[in-house]
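A.B. asks: Have a look at this one before I ask anything.
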Amino acid sequence: MILPGVPVVGAERRSQVAELSRRTARQPEDLVRVIREELQVDLTARYAGLTIPHPFGIGAGQLSCTLKQVQDGVAAGLAFMVLKTVIAENPSGGRSMDAWAQGETRMKVEHRTSAAGREGWTVTWKGRGWPGTLAEYLEFLEQSLGAAREKDMPVIPSVKYHLPKVGEPFDTAEYRHTTDAMLGVWGRAGCGGDMILEKDFSPTLAGDDRAGQREAILQWIAEVPCLVGGGVQLGLKLMNALFDDQFQVDMTRAAGKAAFLVVFNRLFDLDRRVAFGGYDLSDRNLRVLDRLGSEALPPLVGTGNICSGRMMLEYALRGCESGQVHTFFQLPVSEYTGTGGGRIARALHTLLLHPTDGLVVWLLHLQEAGRLEPRDGVIHFLDAVRKHD
Ligand SMILES: Cc1cc2nc3c(=O)[nH]c(=O)nc-3n(C[C@H](O)[C@H](O)[C@H](O)COP(=O)(O)O)c2cc1C
């Protein structure tokens with residue numbers, strides 16, 4: 001970790017944050033504007049080249065499977081939302097990755113102590129991708145883009161396309177058919193510009209036979225962006241492979257053709273055959289990002305145990321311009337500082353304004369430590385993001 005145990009912020013600023021946190025807890029609305037006006041902290045962030053009001057979005061998963069979830073996310077002021085991963089189809093409806101369209105069991109939100117002894121949270125779940133068809137997903141995508149339009153919240157589809165074993169060809173028809181179908185929805189919805197799309201390399205994939213060979217993984221990462229083709233800003237959501245940190249670095253370096261990278265999806269427990277998170281996940285991700293230093297990479301989005309504003313800042317200090325959260329939005333509501341509004345709004349209030357763990361107090365800490373210079377009297381989240389060049 002780069003940041004110390006507690007934020008070092010002068011008494012006056014500290015009590016301003018605590019007072020604002022208390023005052024907005026029951027009605028956590030329009031927080032980004034209020035924070036800028038009252039505390040001179042600008043939370044503007046970036047996702048896939050888009051400017052977003054703050055860094056916290058929902059990553060693809062069980063919190064982005066229904067229109068209601070999208071509507072709730074828009075109402076709560078999420079910065080962006082990546083829809084549940086759909087399994088790609090060829091023109092006859094066949095799916096080479098059909099095994100990933102499995103039905104799900106119930107999710108269980110659990111405490112998890114990391115190898116280094118820190119207690120965090122993880123969600124245990126045995127399901128995989130979107131269980132329905134591509135046609136159903138397209139309808140969901142269209143409705144979601146419509147629901148998010150008024151507040152201009154980016155909604156991004158996520159796909160799992162064919163990944164061959166070493167020596168086998170890619171099923172290019174599946175790539176073309178699925179991408180074209182999504183581009184059709186994107187165009188009809190009047191989104192304009194290139195479609196932003198994530199390709200999910202999931203933790204369950206890491207536990208699959210075909211990911212046992214390093215050569216195969218590096219080939220997927222290098223070639224998938226070429227197969228998805230024009231009209232798309234493709235982000236690769238990289239898995240945590242079952243190899244060492246150096247391989248994770250090599251994998252990230254191999255992803256140079258992507259428009260952006262999401263680093264890195266959950267770890268996989270081979271014995272229990274489940275994915276997991278918590279501090280083991282953030283420790284690994286931050287360690288790998290440290291090894292990458294400031295070398296040239298596509299823009300980065302962090303994911304993994306972003307359960308506080310402070311953890312978001314740890315990712316930002318290593319180059320991540322925003323964060324994809326899942327687990328934190330599923331915690332018992334007693335964990336949140338927000339006491340009014342829906343679950344997502346309460347969680348966002350915590351991520352931003354927790355008096356000792358929120359993003360705002362930690363940005364003020366950087367300012368007082370002389371590591372974040374105000375511009376026109378305002379400090380900016382994006383100025384804290386490590387540059388990769
Ligand atoms: C129950 C569950 C389902 C998920 N499903 C997907 C998925 O379909 N596609 C994907 O790209 N990531 C998926 N994820 C990964 C999350 O989007 C996120 O990147 C990951 O959980 C790390 O963030 P967290 O520590 O905040 O949970 C899932 C995570 C969970 C917990």
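A.B. asks: Can you find a residue in region 330-346 that is touching a residue at least 60 places away in the same chain (Cβ under 8 Å), crowded, with 24+ Cβ neighbours inside 10 Å and in a helix (DSSP H, G or I)?
C.D. replies: Yes: one or more hits.
A.B. asks: With the requirement that a residue be within 19 Å of Gly323 (Cβ to Cβ) and among the small types (Gly, Ala, Ser), what does region 21-77 give you?
C.D. replies: Ala45, Ala48, Gly49, Gly57, Gly59, Ala60, Gly61, Ser64, Gly73, Ala76, Gly77
A.B. asks: Pairs needed: first member in region 152-181, surrounded by fewer than 18 Cβ atoms within 10 Å (Cβ to Cβ); second member anywhere, not hydrophobic (A, V, I, L, M, F, W, C); C-beta distance under 6 Å; at least 6 residues apart or different chains.
C.D. replies: Lys165/Arg210; Val166/Gln213; Val166/Glu215; Ala173/Asn90
A.B. asks: If only one of Phe276, Phe243 is more than 14 Å from the ligand (Cβ to nearest atom) and either hydrophobic (A, V, I, L, M, F, W, C) or touching a helix residue (DSSP H, G or I) at 6+ places or on another chain (Cβ under 9 Å) (or both), which one is it?
C.D. replies: On the way: Phe276 fails: more than 14 Å from the ligand (Cβ to nearest atom).
Only one candidate passes the filter, namely Phe243.
A.B. asks: Give me the strands (runs of 3 or more DSSP E) completely within region 41-134, filtered to those with at least 1 residues that are within 15 Å of the ligand (Cβ to nearest atom), of a type in the set (D, E, K, R) and crowded, with 16+ Cβ neighbours inside 10 Å, ordered by residue number.
C.D. replies: Qualifying strands (runs of 3 or more DSSP E): 81-87, 108-113.
A.B. asks: Name the single residue that is nearest to the ligand (Cβ to nearest atom) among those in region 135-145 being aliphatic (A, V, I, L, M) and in contact with a strand residue (DSSP E or B) (Cβ under 9 Å, 6 or more places away or on another chain). Lay out the reasoning, then the answer.
C.D. replies: Kept after step one, since they are aliphatic (A, V, I, L, M), are these residues of region 135-145: 135, 138, 141, 145.
Imposing the further condition that a residue be in contact with a strand residue (DSSP E or B) (Cβ under 9 Å, 6 or more places away or on another chain) reduces the set to 138, 141, 145.
Numbers: Leu138: 17, Leu141: 14, Leu145: 18 Å.
Filtering first and then ranking leaves Leu141.
A short reminder: the numbers here are calculations on the coordinates, not readings from a lab. As the structure is a prediction and not an experimental result, all values here were calculated from the model. With ideal geometry, Cβ positions are generated from the backbone for all residues, glycine too; neighbour counts draw on all protein chains shown.
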